[in-house]
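Okay, so here's the structure we're looking at.
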Amino acid sequence: MRLLEEKILSDGEAISKEVLKVDAFLNHQIDSKLMFEIGKEFAKLFANEEITKIVTIESSGIAPAVMTGLQLNVPVIFARKQKSLTLNEALLTTSVHSFTKNVTNNISISKKYLNDNDKILIIDDFLANGQAALGLVDLIHQANATVVGIGILIEKSFQSGAQKLKDLGLRVESLARIESLENGVVNFISEKVE
Ligand code: G4P
Ligand code: NA
Ligand code: NA
């Protein structure tokens, strides 16, 4: 997606060979107009899939997920990373290991928001090693619901996540795919010719 790539080039910062900082429009301050356009793009890509719900994970997946839900006119569920005061009903839970942060967290979704006839679109901001996305897939499968696809804003294609998900037969649509982050320079994998 041109608009997102341009925003990454103008406002993103490659702070190492592995990490892209996008606090200016996604992870801290949010560019709401850009999120709105991203929602339209995902809605277009998954228009034929009869999606019933969107699933994401707090916190940075929520903004693009809500914009996509708005376009598809479906609810958005975000998996929680911390026990909540009010989240006291039966839970689907799985553990997610972050190689980047070297921590393992339990993530949860209340059973009552997913059921076996749901067709789910997963949305997340980053795809690195795929552990967050795989955790969400696990929660959705625990509910016997179907994962229709995964929509990612920024895929770091030099890490293993995209391939892992595709190897499971899952459709992955990434709006920006980064080939490398060498010497502070962001290199994209060029967009498919349409
Ligand atoms: P994985 O799920 O693909 O295996 O990714 P990983 O464990 O490495 O990611 C852990 C956290 O770091 C996630 O955010 C993820 O979005 C974020 N992340 C991974 N790579 C990058 C990067 O290059 N740049 C930025 N800005 N973030 C990255 P989180 O801890 O869940 O936090 P939140 O922002 O969603 O609250
Ligand atoms: Na994040
Ligand atoms: Na995220």
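Quick note: the coordinates plus some simple rules give every number you see, no bench work behind them. Small disclaimer: the values here were computed from a predicted structure and weren't measured. We place every Cβ from the backbone using ideal geometry, glycine too, and count neighbours over all the protein chains shown.
Structural remarks
- So F42, is it out of contact with any Phe, Trp or Tyr (no Cβ under 7 Å at 6 or more places or on another chain), farther than 16 Å from A132 by Cβ and not hydroxyl-bearing (S, T, Y): yes
Here's the yes/no breakdown for (1) farther than 20 Å from A63 by Cα; (2) within 16 Å of ligand 2 (Cβ to nearest atom):
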position: T93; (1), (2): yes, no
position: V96; (1), (2): yes, yes
position: F99; (1), (2): yes, yes
position: K112; (1), (2): yes, no
position: N115; (1), (2): yes, no
position: D118; (1), (2): yes, no
position: D124; (1), (2): no, yes
position: A128; (1), (2): no, yes
position: G135; (1), (2): no, yes
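- Candidate set: region 3-21, residues that are closer than 16 Å to S174 by Cα and either assigned to a loop (DSSP other than H, G, I, E, B) or among the acidic types (D, E) (or both); chosen: the one nearest to ligand 3 (Cβ to nearest atom): E5
- The residues listed here are E41, E58, E37; of these, the one that is away from ligand 2 (no atom under 14 Å from the Cβ), among the acidic types (D, E) and under 23 Å from Q159 (Cβ atoms) is E41.
- Selection count where residues are surrounded by fewer than 21 Cβ atoms within 10 Å (Cβ to Cβ), within 16 Å of ligand 3 (Cβ to nearest atom), part of a loop (DSSP other than H, G, I, E, B) and not polar (S, T, N, Q), scope region 32-76: 1
- Contact annotation: residue pairs with Cβ atoms under 8 Å, 6 or more positions apart or on different chains, pairing a residue in region 10-28 that is charged (D, E, K, R) with a partner that is surrounded by 14 or more Cβ atoms within 10 Å (Cβ to Cβ) and assigned to a helix (DSSP H, G or I), are D11/A24; D11/F25; K21/N27.
- Within region 78-117, the set of residues being part of a strand (DSSP E or B), closer than 29 Å to E49 by Cβ and among the hydrophobic types (A, V, I, L, M, F, W, C) comprises F78, A79, L91, L92, V96, I107, I109.
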